[in-house]
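What follows is a set of notes on a single structure, which appears directly below.
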Amino acid sequence: MKTVGWVRDDKNDYDAWAKVVGDPRWSYEGFLPYFKKTEHYHTKDLDAFQHGYDGPLYTQPVASSGRGYPLTENIKRSWEELGVERGMDANAGNPMGIAMVTENLGDGKRQIASDVYTLEGVTVLTGAVVASVVLEGNKAVGVELVDGRVFKASEEVILSAGAIATLQILLLSGIGAKEDLVEHGIEQPVDAPEVGKNFHEHMCVSQWWQLKEPEKGLAANPVIPSDGSHVTTTVMAMLPTSRGTVTLASKDPVTPPRIDPNYYATEADRYVVRTALRKLMQVMMETKEGKAMVKEQVVATGQNRLSPRSSDEDIDELVRECGSGISHTAGTASMGTVVDSNLRVNGVQGLRVVDASVIPVPLAAHLQAFIYALAEQATEIIVQERGK
């Protein structure tokens with residue numbers, strides 16, 4: 001999980017998920033108890049219906065952390081000049097407008113699951129790479145590691161290796177599309193043609209700007225010159241309609257799989273990113289605050305400076321040269337095709353997936369808060385199934 005962002009997304013995206021799989025537990029209303037269960041919001045001044053105050057993960061907006069960002073007010077005023085409102089609660093199901101990002105920081109340090117949840121009854125094996133799920137017929141009975149060790153499951157096998165590694169383990173276990181397995185000489189006990197076929201990820205495109213008065217302390221992190229003279233703006237395509245694939249590159253479990261993210265492949269995605277870049281350039285180049293703050297746009301050698309009136313073709317060229325993923329990979333074992341709404345792999349007994357690979361539709365959020373809520377809901381589903 002990258003950075004410390006604690007962002008839930010718009011309720012409509014979760015409701016779309018629930019509609020796709022025909023199960024209201026995966027709607028925003030269905031997820032909300034688990035969002036609240038994980039959260040210990042730093043004050044009780046927000047809607048108690050939306051927020052939790054007794055969970056293990058301490059959350060707070062950046063503005064409450066005591067860190068100072070001189071750039072904040074300039075940016076807020078720039079967006080307000082363009083008619084965008086500020087001050088909303090970004091984690092209440094309708095994150096439209098300007099808001100400070102919420103973080104899961106405790107005592108100035110990013111919190112992780114192993115620090116805030118008990119590890120009682122848990123054994124962690126380091127350096128243990130899974131080669132495959134051990135199947136007896138169509139039943140998962142354990143996992144085999146690359147060193148040959150086999151661990152048997154007492155109840156079931158749960159894969160939580162992420163949208164890339166979980167997909168790779170499924171394919172190496174013979175759970176996937178025939179054409180993806182025959183190439184590598186893997187027998188196919190379970191026909192699952194949709195494994196790896198719904199890859200989606202957030203894509204970002206950054207631009208850089210030289211400040212007129214760097215002494216004001218507005219500068220960005222040193223991804224650009226570290227002399228305090230520049231800032232960065234970034235567009236993130238959070239709800240892509242483009243879909244990619246993940247397939248095996250080798251039968252060797254330690255060889256990374258082939259990833260074709262297929263970014264920016266649809267006209268809908270291109271329209272959204274172009275529009276967002278034009279709007280950001282308008283903020284930086286045409287608002288009162290932007291013009292007072294920025295000296296010029298900084299581009300790489302051979303690139304053209306852009307403006308809100310640049311052509312689609314010029315903006316597309318920038319995206320091709322500067323666009324990248326941000327490690328929010330998801331969808332490769334989607335609910336509704338690869339797993340059912342109880343997270344069980346279709347066609348296999350005793351095998352479940354609990355990670356971002358089950359997300360059937362993109363979520364416009366940093367995935368961290370969602371993953372915690374997913375794990376809490378999965379725990380309840382499993383406990384209820386076992387009658388414990």
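A few notes on this one:
- Residue in the stretch 134-147 that is over 23 Å from G176 (Cα atoms) and over 29 Å from the mean Cα position of the chain (by Cα) present: yes
- Selection within the stretch 290-309 - assigned to a loop (DSSP other than H, G, I, E, B) and surrounded by fewer than 18 Cβ atoms within 10 Å (Cβ to Cβ): V299, A300, T301, G302, Q303, N304, R305, S307, P308, R309
- Among the residues of the stretch 74-91, those identified as exposed (fewer than 13 other Cβ atoms within 10 Å of the Cβ) and either more than 18 Å from P61 (Cβ to Cβ) or of a type in the set (K, R) (or both) are L82, G83.
- For S206: the one exception among (1) farther than 19 Å from I259 by Cα; (2) at pLDDT 95 or above; (3) touching a helix residue (DSSP H, G or I) at 6+ places or on another chain (Cβ under 8 Å): (2)
- Of all residues in the stretch 119-163, those satisfying the criterion of being among the polar types (S, T, N, Q), farther than 20 Å from S250 by Cα and in contact (Cβ under 8 Å) with a residue 12 or more places away in the chain are N138, S160.
- Within the stretch 326-343, the residues that satisfy the criterion of being modelled with pLDDT of 95 or more, surrounded by fewer than 21 Cβ atoms within 10 Å (Cβ to Cβ) and either charged (D, E, K, R) or more than 15 Å from R25 (Cα to Cα) (or both) are T337, D340.
- Within the stretch 324-354, being under 24 Å from K37 (Cβ atoms) and in contact with a strand residue (DSSP E or B) (Cβ under 7 Å, 6 or more places away or on another chain) holds for A330, V339, S341, L343, R344, R352, V353, V354.
- Residue match in the stretch 70-77 (condition: at pLDDT below 95 and either over 30 Å from M281 (Cα atoms) or in contact with a Pro (Cβ under 7 Å, 6 or more places away or on another chain) (or both)): no
- Consider the stretch 142-166 and keep the residues that are touching a Gly at 6+ places or on another chain (Cβ under 7 Å), surrounded by 16 or more Cβ atoms within 10 Å (Cβ to Cβ) and among the aliphatic types (A, V, I, L, M). The one that is nearest to N198 (Cα to Cα) is A163.
- Residues considered: V124, V62, V116. Of these, the only one that is among the aliphatic types (A, V, I, L, M) and loosely packed, with under 12 Cβ neighbours inside 10 Å is V124.
- Pick from the stretch 254-289, criterion of a type in the set (S, T, N, Q) and either touching a Ser or Thr at 6+ places or on another chain (Cβ under 6 Å) or surrounded by fewer than 16 Cβ atoms within 10 Å (Cβ to Cβ) (or both), ranking: nearest to L306 (Cα to Cα): T275
- Taken over the stretch 310-325, residues that are β-branched (V, I, T) and either surrounded by fewer than 16 Cβ atoms within 10 Å (Cβ to Cβ) or more than 22 Å from the chain's Cα centre (by Cα) (or both) amount to 1.
The values are calculated or read from the model by the stated rules, or taken from the named source; none is laboratory data. Keep in mind the model is a prediction, meaning the values are calculated, not measured. Because the Cβ atoms are built from the backbone with ideal geometry, glycine has one as well, and the counts that use them run over all protein chains shown.
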